[in-house]
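The values are calculated or read from the model by the stated rules, or taken from the named source; none is laboratory data. As the structure is a prediction and not an experimental result, all values here were calculated from the model. All Cβ positions, glycine included, derive from the backbone under ideal geometry; neighbour counts span all protein chains shown. SASA here: full protein model, heavy atoms, side chains in, ligands and nucleic acids out. Shrake-Rupley method; radii C 1.70, N 1.55, O 1.52, S 1.80 Å.
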Amino acid sequence: MEPREGLGNTAEEALLYLRVIGRCGSFVQAARSLDIKPTRLRRVLSQLEAQVGQPLLCYQNSAVELTPKGREWQALQGVKGRECPRPASAMGWQPIRLVLMEELLHDIFLRELLNHLRRSARLNLEIVELRGASMEALQQADIAVWLSDDDRPQEPPDMRTQWLAGVHYQAHVSKRYSRKQSRPASSLELSDFQLVQSRAYLHSQSLMPWNNYVAARESGVVVVRSHELLLQTLRWGACVGLLPHYASRLDRTLVGLGDLFEAPMRRNMFLSVSDRRRQGAGVQEVLEVLCSAFESRREWFA
């Protein structure tokens, strides 16, 4: 039987699927590369095997391989094993520059972004960590999630911006290095603790109560350049450091110390999208991932 007759419009699709599964050796990875669900991949290849009348795939050591009949059928159809055009849904995808404030990337958005990348291999994505008060990176961004001291900051050029939430900051300490009854209840009681300061906070006007206190210290201060190192210093260095108020939700070994300073410390989270790329291929997909990640944590900012 000529397989193309029974498959109708899916003949070329089946050829592509067989080619990719033979190369990847995995239904999940092949489906990811093709940007389809594994169930669809299995269904089309099952239909193809039914038309051919013999198995085209077999399992060897937890991997999927073409059977001798599968390789023979590929050769008869004129399929070259190494040629694999991208599916139509992935054509025309331009690089997307995603700029995220460092602590927001690691605390809120990274897990969902990585989960999405595991499911889809079509994105052409550059992820840029934004640190400190420098806004230069926003000017080349297609999508950005950033923090500002102002309630209504100036929008990055040629971008549409919306407010997402207020982010409150407070000092945190590791539970393992501090007993509840001896934790500081005011800034005066911080004098017995080593402090850790992030360089990314130094120029934030909203965080000046903390910054001024740290700057007045003659000793007992560790300065770090990354959010991850700040967290590790808090977890294992018996230090007190400033973090977003939701930090103890992410790490149960940390505890917030409340408002140690008279003036509250609050910054605003904004989402900006380039006007020229808003409707571009992939941009809406990345936006959906970011919005889903934020919505799942909205209660943190209530």
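Restricting to the stretch 16-48, name every residue that is of a type in the set (A, V, I, L, M) and surrounded by fewer than 16 Cβ atoms within 10 Å (Cβ to Cβ). If you could, list the steps in order and put the result at the bottom.
Pass one, the stretch 16-48, residues of a type in the set (A, V, I, L, M): 16, 18, 20-21, 28, 30-31, 34, 36, 41, 44-45, 48.
Residue satisfying the conditions is VAL28 alone.
Would you mention how many residues in the stretch 53-63 are on the phi < 0 side of the Ramachandran plot and surrounded by fewer than 18 Cβ atoms within 10 Å (Cβ to Cβ)? Steps first, please.
Narrowing the stretch 53-63 to residues on the phi < 0 side of the Ramachandran plot: 54-60, 63.
With the extra rule that they be surrounded by fewer than 18 Cβ atoms within 10 Å (Cβ to Cβ), the set shrinks to 54-55, 58-60, 63.
So the count comes out to 6.
Just to verify a result, which residue in the stretch 122-148, among those that are touching a strand residue (DSSP E or B) at 6+ places or on another chain (Cβ under 8 Å), open to solvent by 50 Å² or more (accessible area, probe 1.4 Å) and free of Cβ contacts under 8 Å to residues at least 60 places away in the same chain, is nearest to ARG277 (Cα to Cα)?
Only one residue fits best here, namely GLN140.
With respect to the numbered conditions (1) out of contact with any Lys or Arg (no Cβ under 8 Å at 6 or more places or on another chain); (2) closer than 23 Å to LEU164 by Cβ; (3) not acidic (Asp, Glu), which one is the sole condition not fulfilled by TYR246?
(1)
Yes or no: GLN94 crowded, with 18+ Cβ neighbours inside 10 Å and at pLDDT below 90?
Working: crowded, with 18+ Cβ neighbours inside 10 Å: no; at pLDDT below 90: yes.
Spelling it out, it is not the case that GLN94 is crowded, with 18+ Cβ neighbours inside 10 Å and at pLDDT below 90.
GLY258 passes all but one of (1) without any contact (Cβ under 8 Å) to a residue 40 or more places away in the chain; (2) within 24 Å of SER191 (Cβ to Cβ); (3) not hydrophobic (A, V, I, L, M, F, W, C); which number fails?
Condition not satisfied by GLY258: (1).
Return the pairs, sorted by first residue and then second, in which the second residue is in a helix (DSSP H, G or I) and of a type in the set (Gly, Ala, Ser), the first residue lies in the stretch 18-34 and is closer than 19 Å to GLY70 by Cα, the beta carbons are less than 6 Å apart, and the residues are 6+ apart or on different chains.
VAL20/ALA30; VAL20/SER33; ILE21/ALA30; CYS24/ALA30
Taking the stretch 176-229, which residues are touching a residue at least 60 places away in the same chain (Cβ under 8 Å), loosely packed, with under 13 Cβ neighbours inside 10 Å and more than 23 Å from ILE108 (Cβ to Cβ)?
ARG176, ALA185, SER186
Looking at VAL128, VAL167 in this structure, which one is assigned to a strand (DSSP E or B) and either over 27 Å from GLY258 (Cα atoms) or not hydrophobic (A, V, I, L, M, F, W, C) (or both)?
On the way: VAL167 fails: either over 27 Å from GLY258 (Cα atoms) or not hydrophobic (A, V, I, L, M, F, W, C) (or both).
Unique residue meeting the criteria: VAL128.
Within the stretch 150-175, which residues are among the basic types (Lys, Arg) and open to solvent by less than 30 Å² (accessible area, probe 1.4 Å)? Talk me through it step by step, then tell me what you get.
Our first condition is that a residue be among the basic types (Lys, Arg); within the stretch 150-175, this holds for 152, 160, 175.
Selection gives nothing.
On the given criteria, is ARG71 surrounded by 14 or more Cβ atoms within 10 Å (Cβ to Cβ), touching a Lys or Arg at 6+ places or on another chain (Cβ under 9 Å) and in a helix (DSSP H, G or I)? Quick ask: steps written out before the conclusion?
Working: surrounded by 14 or more Cβ atoms within 10 Å (Cβ to Cβ): yes; touching a Lys or Arg at 6+ places or on another chain (Cβ under 9 Å): no; in a helix (DSSP H, G or I): yes.
Here the answer is no, as ARG71 does not meet what is asked.
Only one of these is at pLDDT 70 or above, in a strand (DSSP E or B) and either in contact with a Leu (Cβ under 7 Å, 6 or more places away or on another chain) or closer than 27 Å to GLY282 by Cα (or both): VAL44, VAL20, VAL28, VAL64. Name it.
Numbers: VAL44 fails: in a strand (DSSP E or B); VAL20 fails: in a strand (DSSP E or B); VAL28 fails: in a strand (DSSP E or B).
Answer to the check: VAL64.
Report yes if ARG276 is within 25 Å of the chain's Cα centre (by Cα) and over 21 Å from ILE108 (Cα atoms), otherwise no.
On the way: within 25 Å of the chain's Cα centre (by Cα): yes; over 21 Å from ILE108 (Cα atoms): yes.
Considered against the rule, which asks whether it is within 25 Å of the chain's Cα centre (by Cα) and over 21 Å from ILE108 (Cα atoms), ARG276 comes out as yes.
Going residue by residue through the stretch 205-212, is there one that turns out to be polar (S, T, N, Q) and in contact with a Lys or Arg (Cβ under 6 Å, 6 or more places away or on another chain)? It would help to see each step written out before you state the result.
Our first condition is that a residue be polar (S, T, N, Q); within the stretch 205-212, this holds for 205-206, 211-212.
Cutting the leftovers down to in contact with a Lys or Arg (Cβ under 6 Å, 6 or more places away or on another chain) gives us 206.
Yes, the stretch 205-212 contains a residue that is polar (S, T, N, Q) and in contact with a Lys or Arg (Cβ under 6 Å, 6 or more places away or on another chain).
For ALA263, which of the numbered conditions (1) touching a residue at least 24 places away in the same chain (Cβ under 8 Å); (2) surrounded by 13 or more Cβ atoms within 10 Å (Cβ to Cβ) fails to hold?
Unmet for ALA263, out of (1) touching a residue at least 24 places away in the same chain (Cβ under 8 Å); (2) surrounded by 13 or more Cβ atoms within 10 Å (Cβ to Cβ): (2).
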